[in-house]
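The structure appears below as structure tokens.
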């Protein structure tokens with residue numbers, strides 16, 4: 001599910017920019033090739049954190065209510 005640590009090609013980046021709602025309305029002064037040129041080469045993976053983040057992300061988008069984020073009262 002995750003692409004962490006896998007370098008993207010300029011074509012993949014452009015497709016993501018064109019199709020993902022995350023990037024809608026963002027103006028860029030650089031190209032996907034510029035992004036690829038600046039990508040790091042170190043693969044950093046935190047499996048448990050990634051898995052927890054993916055589960056929370058999916059629940060936030062798929063469920064009407066997610067009992068999370070820890071506060072029990074407004075004062076917490």
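Remarks
- Residues of segment 29-40 satisfying the condition of being surrounded by fewer than 12 Cβ atoms within 10 Å (Cβ to Cβ), more than 18 Å from the chain's Cα centre (by Cα) and not in a helix (DSSP H, G or I): 29, 30
- Residues satisfying the stated conditions in segment 41-62, i.e. farther than 28 Å from residue 9 by Cβ and surrounded by 10 or more Cβ atoms within 10 Å (Cβ to Cβ): 52, 55, 56, 59, 60
- Residue count, segment 9-28 (criterion: within 30 Å of residue 68 (Cβ to Cβ) and in a loop (DSSP other than H, G, I, E, B)): 4
- Output for segment 14-28, where each listed residue is free of Cβ contacts under 8 Å to residues at least 12 places away in the same chain and within 13 Å of the chain's Cα centre (by Cα): 16, 20, 21, 22, 23
Readers should treat all values here as calculations from the given coordinates under stated rules, not as data from a laboratory. All figures in this text were calculated on a predicted structure; none of them were measured in a lab. Glycine gets a Cβ as well: all are built from the backbone with ideal geometry, and neighbour counts include every protein chain shown.
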